[in-house]
Amino acid sequence: DTAAIPHPPHRLPLLGDVVGLSPRRPVQSSLRLVRDLGPISVRRVLGTDIVTVGGADLAAEVDDDRRFAKHVGLGLRPLRLVVGDALFTAEDGEPNWRLAHDILRPAFTREAMRGYHATMLDVARELLASWDAAARAGAEVDVAADMTRLTMETIGRTGFGHRFGSFEHDRPHPFVTAMTRVLRFAQLSVSPTLVSVRRLLAGSARRNRADMDLMNRLVDDVIDARRRGETPDRDDLLGLMLRTAHPGTGRTLDPVNIRRQVITFMVAGHETTSGALSFALYHLTRHPEALARAQAEVDALWGQGDDPVPAFTDIPRLRYVRAVLDEALRLWPTAPGYFRAAREDTVLGGRYRLERGDWVVVMLPLLHRDPAVWPDPERFDPDRFAPGAARRRPAHAYRPFGTGQRACIGRQFALHEAVMALGLVLHRYHPVPDPGYDLRITETLTLKPEGFRLTLTRRVPAE
Ligand code: HEM
């Protein structure tokens, strides 16, 4: 029963709260609709009530795994058609979730990160080589596109022993192009079905199938190459999935599920990290004092040499660089929300009744701006993540990696990769943005700055 929950003022008969809603930018347009309505609100879109939680107190309740479970809702539904019961899109309690989670857990320990470090560094160096060339030529770089090259290459090589050769081509890899279109198609197909959107979808349904075929073929080739021994057999994600039986039950993942997991990791493993790095660079170009502090930190660690060789243990020492990424993910969490469904009938916030199965969405850009927790919420300020600062905030006020047992399995992976890459970039270049650039954010289920370009000048790090 959503009657007690505030809703936007301009509700239309039948259509509901669609005034101002943009199918291409659902997160940003929803944010505008609900941000003044407080920590909980409801929108009725074509008969569906979408309850949005954006306050830390209520988030603490819905994050509780005893009362709520992950819900594969709205934006995730079409993804589910693509990757079924793989980790990200499995319903809570589906047997393949537990199986895959337990089998893959060892690939995300600290020890596993130590094993990926050298490969992550190799890929970061390829980014630097490509940006050196741009710097020499005085050419601009397309930040989100290059960060996508970096993260795609990193997950491909560390997870599956596959090289996409992302830095060897001017155009994005066909997998990235296909995947971006599949995600956009998925996003549009759950938007309010305005006639124009329907037409657009009908036109692109065939291409969507072709895109999915391309992704499946590529992934099958990667798996077959491993099976035939053409790529080294290792304990990476693929090795674990092909060889490991569950320690408790002895079950293994079936081939269809493995394919779905590989696609899941290719998608989940790079889009969001790439966006986080891009937003971080965007904010740094707007905040020279934060840029200077981050550069002072990497200089102090790596000195003046042109080509530092970061040790595994260097990365957690880059506290300020990490805080920059944390703050970038606060303002624009690149996975902008998650869905939670009530396990039983329950009352939220002491007054909103939910029946078993009713779901809500935690809208992260709103939660991360909850004025009760975040003073001056629009201000970019990495010091919010200074050591010890999190202890002074309620837990659940910051959830860019989701919550509970369904939180992001790749969090450490993403942070290790991103802190190292951002540290190396800041050590080497002074980033100069196009002075006319205003932040625009594109949405393909995830968020990224659109059209954000930099000119790079090589810097001489200070002692
Ligand atoms: C789940 C965010 C990087 C793999 C999630 C969820 C969020 C998230 C919010 C929970 C979604 C939900 O509850 O519906 C992010 C962000 C990243 C990032 C912001 C980077 C900055 C990665 C990386 C990988 C990864 C690098 C893999 C290498 C996954 C998987 C799940 C997941 C497999 C599903 C886990 C499960 O349900 O068991 N991520 N992620 N993510 N993420 Fe990430």
The residue from Leu325, Leu318, Leu301 that alone is more than 24 Å from Thr148 (Cβ to Cβ), modelled with pLDDT of 95 or more and not charged (D, E, K, R) is Leu301
Please go through the range 13-43 and pick out each residue that is at positive phi and either at pLDDT 85 or above or assigned to a helix (DSSP H, G or I) (or both).
-> Gly38
Can you tell me which residues in the range 267-317 are assigned to a loop (DSSP other than H, G, I, E, B) and within 16 Å of the ligand (Cβ to nearest atom)?
-> Gly269, His270
If only one of Ala372, Ala389 is under 30 Å from Gly303 (Cβ atoms), more than 16 Å from the ligand (Cβ to nearest atom) and surrounded by fewer than 21 Cβ atoms within 10 Å (Cβ to Cβ), which one is it?
-> Ala389
Glu344 more than 9 Å from the ligand (Cβ to nearest atom), modelled with pLDDT of 95 or more, buried (at least 20 other Cβ atoms within 10 Å of the Cβ) and not aromatic (Phe, Trp, Tyr) = no
Expected single match for surrounded by 15 or more Cβ atoms within 10 Å (Cβ to Cβ) and not aromatic (Phe, Trp, Tyr) among Pro316, Pro247, Pro333 is Pro333
Could you check, for the range 82-100, whether at least one of its residues is without any contact (Cβ under 8 Å) to a residue 40 or more places away in the chain, within 18 Å of Asp235 (Cα to Cα) and not hydroxyl-bearing (Ser, Thr, Tyr)?
-> no
In the range 44-146, which strands (runs of 3 or more DSSP E) lie fully inside it and hold 3 or more residues that are at pLDDT 95 or above, over 22 Å from the mean Cα position of the chain (by Cα) and farther than 30 Å from Ala280 by Cβ?
-> none
Is the range 21-40 home to any residue that is small (Gly, Ala, Ser), more than 16 Å from the ligand (Cβ to nearest atom), surrounded by 19 or more Cβ atoms within 10 Å (Cβ to Cβ) and under 30 Å from His270 (Cα atoms)?
-> yes
Tell me, please, whether a residue that is assigned to a strand (DSSP E or B) and in contact (Cβ under 8 Å) with a residue 60 or more places away in the chain can be found in the range 366-375.
-> no
Working only within the range 408-453, note down all residues that are outside any strand (DSSP E or B), within 16 Å of the ligand (Cβ to nearest atom), charged (D, E, K, R) and surrounded by fewer than 24 Cβ atoms within 10 Å (Cβ to Cβ).
-> Arg411
Farther than 25 Å from Leu439 by Cβ, of a type in the set (Val, Ile, Thr) and away from the ligand (no atom under 16 Å from the Cβ), is that true of Thr403?
-> no
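The values are calculated or read from the model by the stated rules, or taken from the named source; none is laboratory data. What you are looking at is a predicted structure, and each value in this text was computed from that prediction instead of being measured. As a convention, Cβ positions derive from the backbone with ideal geometry for all residues, glycine included, and neighbour counts pool all protein chains shown.
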